[in-house]
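Visitor: Here's a structure for you.
What follows is calculated from the coordinates using simple rules that are stated; it is not laboratory data. Just so you know, these numbers come straight off a predicted model, no measurement behind them. Because the Cβ atoms are built from the backbone with ideal geometry, glycine has one as well, and the counts that use them run over all protein chains shown.
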Amino acid sequence: MRYLRREDIEDFALGGGLFGCGGGGDTYIGKLMLETEMQRVPEIPLLSIDEVPDDALVVLTAIVGAPSVFLEKLPNGGEDRRVIEQVEKECGKPVFGILIGEVGGLNSVLPAVTAARLGLPLIDADPTGRCVPSVHATSFNINHLNISPIVIADEFMNTVVIRTDDHLKGERLTRSIIVEMGGSAIFAFCPVTGAELRRIGLAGAVTHPIQVGRAIREAREGGQSPFKAVADLLTATPLYGWADTLIEGKITDVQRRSDTGFTIGSAVIHSLGEDADRLDLEFKNEHLVARINGRIRATVPDLITVLDSETGEHIGTDRLRYGQRVTVMLVRAPAIWRTARGLSLLGPRGYGIDCDYVPVEVLNGGGEEVRVR
């Protein structure tokens, strides 16, 4: 058995931001919450998918809503316990461990906080391999698992249980409730057994962020490029297999609003080189499409992430500001998102982008086209 320890927190939060793709909430907030909990609990058991018993119940916790709201409306510290207790009542059995809600952003770190508070193991896996804009865009849905129960609790401990056999309906009902709860809340959904998790889980939701955070930190300490270090690391990682830098530049415009439980908007980045390329980003919590001089260079489900050019730290869509010097990186999405079923849930047309999906490594000259299955 491995453990998540205090000395891992900095790298965990730093690396988790990259997989946020602009969304998932601010990892700095999550880092502070985890540091507080781990003053009491020095280490958290970290289990691989294979270490979860077949009949054991695991459930994810996450913050759902607009990332821009997270900065002003923090959890009160009791919502995660409330949703886990309610899941146990709904399922009629105890929860064995906490699953990462989605690798990336605050939702990478928050489940570790829950695990520490409740004295439960943390599972080194998630159902997405990246942050996603919608509750229905998960491997749970790709594999037709039951999404119910969905349990939502706000900072006043108002608690709602949703039962539906339709993932998209679950997304829409959750968003409507989130709006009434002020734009964000803690939730859990789709409890699964260890046997089901082995079939649908994506391993490395804790170890990948720690590795990325360590690569960024060590590259900075050694005077090397953190972006090359991350690209090399993720290219060698079987789950991703390709990563590269798209552009380095300065943010020259940001348009952003909170609407129906999402942070929606766009940003413009001009390169610092002689060519003066213009990059346009569109986002709905997470970045959905990147265009350079009008040409599409990446779309969902591939990862588009904005990092501070000096520190390598992730900058969420809620914190993009005029004048920031940034580096935009692209990462190939896990293979489940490149299936026909995966693209129907997280492909460009599902988010209003008028184009067919083309793999990011093809758009950027880094590989052969992968056939959609």
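Visitor: So, counting K/R as plus one and D/E as minus one, what does the shell of residues with Cβ under 10 Å around Gly24 add up to?
Guide: Here the count lands on -2.
Visitor: First check a/c for the stretch 223-291, with a ≥ b ≥ c the square roots of the eigenvalues of its C-alpha gyration tensor; if it is under 1.5, answer rounded, and if not, answer prolate when a/b is larger than b/c or oblate otherwise.
Guide: Working: a/c = 2.68, a/b = 1.33, b/c = 2.02.
Cα axes put the stretch 223-291 in the oblate bin.
Visitor: Under 29 Å between alpha carbons: how many lysine pairs meet that in the chain, if sequence neighbours fewer than 8 apart on the same chain are excluded?
Guide: Lysine pair count for the chain: 13.
Visitor: Here is a further query. Each residue of the stretch 42-58 in turn: what ³J(HN,Hα) in whole Hz from Karplus with 6.51, -1.76, 1.60 and θ = phi - 60°, glycine and Pro shown as x?
Guide: Here the 3J(HN,Hα) series is x, 8, 10, x, 10, 9, 6, 4, 6, 8, 8, x, 3, 9, 6, 9, 10 Hz.
Visitor: Using the Karplus equation 6.51 cos²θ - 1.76 cosθ + 1.60 (θ = phi - 60°), what ³J(HN,Hα) coupling, rounded to whole Hz, does each residue of the stretch 294-309 give in order, writing x for Gly and Pro?
Guide: x, 9, 5, 10, 5, 9, 4, x, 5, 8, 10, 9, 10, 10, 5, 5
Visitor: Tell me the label only: which of (1) 214; (2) 123; (3) 143 is volume of the Cα convex hull per residue in Å³ as calculated from this structure?
Guide: Recomputing volume of the Cα convex hull per residue in Å³ here picks out (2).
Visitor: Towards the positive end of the charge dipole of the chain, with charges on Cβ (+1 Lys, Arg; -1 Asp, Glu), say which of Ala203, Leu234, Gln86 has the farthest Cα.
Guide: Looking along the dipole axis, the top candidate is Gln86.
Visitor: Sort 34-41, 238-245, 11-18 for me by packing, meaning the mean count of neighbouring Cβ atoms within 10 Å per residue, highest on top.
Guide: Averaged packing, sorted descending, gives the order 11-18, 238-245, 34-41.
Visitor: Local charge sum around Val179 (other residues, Cβ-Cβ under 12 Å, Lys/Arg +1, Asp/Glu -1)?
Guide: Once positives and negatives cancel, what remains is -1.
Visitor: What is the helix-to-structure angle for 9-18, meaning the angle in degrees between its Cα long axis and the longest Cα principal axis of the chain, kept from 0 to 90 and rounded to the nearest 10?
Guide: Helix 9-18 sits roughly 60 degrees off the main axis of the chain.
Visitor: So if I place +1 on the C-beta of Lys and Arg and -1 on the C-beta of Asp and Glu, and nothing else carries charge, what would the dipole magnitude of the chain be about its Cα centre? I want it in debye, nearest 20.
Guide: Dipole magnitude for the chain comes out near 460 debye.
Visitor: Test of understanding: what is the full-extension gain from Ile296 to Val161, defined as 0.36 nm times their sequence separation minus their Cα-Cα distance?
Guide: 44.6 nm
Visitor: Right, another one. Counting other beta carbons within 10 Å of each residue's own, what order do Asp55, Asp126, Asp232, Asp8 fall into, fewest first?
Guide: Asp55, Asp232, Asp8, Asp126
Visitor: Per 0.36 nm of contour for each residue apart, how much would the distance between Asp50 and Glu90 grow if the chain were fully extended, relative to their Cα-Cα spacing?
Guide: So the chain would gain 11.8 nm between Asp50 and Glu90.
Visitor: Answer with one residue from Thr299, Ala340, Ile269: the one whose Cα lies farthest towards the positive end of the charge dipole of the stretch 237-363, charges on Cβ with Lys, Arg +1 and Asp, Glu -1.
Guide: Ala340
Visitor: Let me ask you something else. What fraction, in whole percent, of alpha-carbon pairs in the stretch 237-363 exceed 18 Å separation?
Guide: Pairs farther apart than 18 Å: 51 percent.
Visitor: Can you give the helix-only mean residue ellipticity at 222 nm for the chain, where every DSSP H stretch with n ≥ 4 adds -39500 (n - 2.57) and the sum goes over all residues, rounded to the nearest 500 deg cm²/dmol?
Guide: Using -39500 (n - 2.57) per qualifying helix, the result is -8500 deg cm²/dmol.
Visitor: Another question, then. Treating only the Cβ of Lys, Arg, Asp and Glu as charged (+1, +1, -1, -1), what charge dipole size does the stretch 89-144 show about its Cα centre? Round to the nearest 20 debye.
Guide: On the way: 4 positive and 4 negative charges, 32 e Å.
Dipole magnitude for the stretch 89-144 comes out near 160 debye.
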